[in-house]
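Notes follow the structure.
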Amino acid sequence: MKNFLIDTNILVNYLRKDKEALLFLESCIENYNLATSFVCIYELLKGVRSKRHRDAVSEIEDKIMEVDYGSTNVNKNSLELFSENYLIKGLGLEDAIVAATCIEKNYVLITENLKDFKFIDGLEVYNTKQALKLIN
């Protein structure tokens, strides 16, 4: 069984009722392990503008998927990824943490920002459209 880590942009699309994001996540809930990084929850919370939005983020945490809070290895590996790729590839710290989490925990990353991750060795990454084909 595949384990999927869902990036912030997919969660935003889900909250906005995007058809592909809804279809993918609803198709996975019963048959796949879904997780997101604490960094993705943090990024969602930065965009919260009302109690309703905050409650929607809480629902993701409580009912839809596990939140991965990382580990010492994830922290160490994310710093290494960031150090190696920040200047050359423009890798952000949050994306480095997400990538390191996926590599360490054997998650397949689902994101619409493939270009931000495609150069990272050992990371399996798909966008929503590709992921829907993967699970069907």
(request) Have a look at L123, L34, L91, L23 and point out the one that is at negative phi and either free of Cβ contacts under 8 Å to residues at least 24 places away in the same chain or in a helix (DSSP H, G or I) (or both). (result) L23
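Each row is one residue, and each column tells you yes or no for (1) surrounded by 12 or more Cβ atoms within 10 Å (Cβ to Cβ); (2) touching a residue at least 60 places away in the same chain (Cβ under 8 Å); (3) of a type outside the set (S, T, Y).
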| position | (1), (2), (3) |
| --- | --- |
| E59 | no, no, yes |
| D62 | no, no, yes |
| E66 | yes, no, yes |
| L132 | yes, yes, yes |
(message) For segment 82-112, give me each residue that is within 26 Å of M1 (Cβ to Cβ) and either more than 15 Å from the chain's Cα centre (by Cα) or surrounded by fewer than 16 Cβ atoms within 10 Å (Cβ to Cβ) (or both).
(response) N106
(message) Restricting to segment 1-39, and then to whatever is among the hydrophobic types (A, V, I, L, M, F, W, C) and touching a Gly at 6+ places or on another chain (Cβ under 9 Å), can you tell me which residue is farthest from T101 (Cα to Cα)?
(response) V12
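Matching residues to (1) closer than 25 Å to R16 by Cα; (2) assigned to a loop (DSSP other than H, G, I, E, B); (3) in contact with a Lys or Arg (Cβ under 7 Å, 6 or more places away or on another chain):
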| residue | (1), (2), (3) |
| --- | --- |
| R49 | yes, yes, no |
| V67 | yes, no, no |
| N73 | no, no, no |
| L79 | no, no, no |
| L109 | yes, no, no |
(message) If the requirement is being over 20 Å from V125 (Cβ atoms) and touching a strand residue (DSSP E or B) at 6+ places or on another chain (Cβ under 7 Å), which of these qualifies: E61, E66, E26, E30?
(response) E61
(request) Exactly one condition in (1) under 13 Å from the mean Cα position of the chain (by Cα); (2) surrounded by 14 or more Cβ atoms within 10 Å (Cβ to Cβ); (3) of a type in the set (A, V, I, L, M, F, W, C) is not met by V74; state its number. (result) (1)
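Read-outs throughout are calculated quantities, based only on the coordinates presented, and are distinct from any laboratory measurement. None of these values were measured; they are calculated from a predicted model. Here the Cβ is made from the backbone with ideal geometry for all residues, glycine too, and neighbour counts use every protein chain on show.
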